[in-house]
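The structure appears below as structure tokens.
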Amino acid sequence: MEKGINLQIHELKENMTQVINDAKLPIAVVQMALFELTAQVNNISAQTIENERKAYQEGENQNGKEIHTD
């Protein structure tokens, strides 16, 4: 059985908090690092959405087309 999404999110937050605390960096440095990571995640998210949109549209374009396996 897989972990539920809520448990996965909770564990992610705990792990991130632990890594931040263990780094013992000034909060301003942590903030800069988190801003950079957030920007990277936003870019990946946008690309993932675009890929899903293209895959969906390609699937829609295939609807109604006859496929021959002769």
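The values are calculated or read from the model by the stated rules, or taken from the named source; none is laboratory data. Computed from a predicted structure; not experimentally measured. A quick note on method: Cβ atoms are made from the backbone with ideal geometry, for glycine too, and the neighbour counts reach across all protein chains shown.
May I ask you to verify whether GLU60 is at pLDDT below 95 and acidic (Asp, Glu)?
yes
Note down all Cβ pairs under 6 Å where the first residue falls in the stretch 1-25 and is closer than 17 Å to THR38 by Cβ, the second is part of a helix (DSSP H, G or I), and they're at least six residues apart or on different chains.
So the pair list comes out as ILE20/VAL30.
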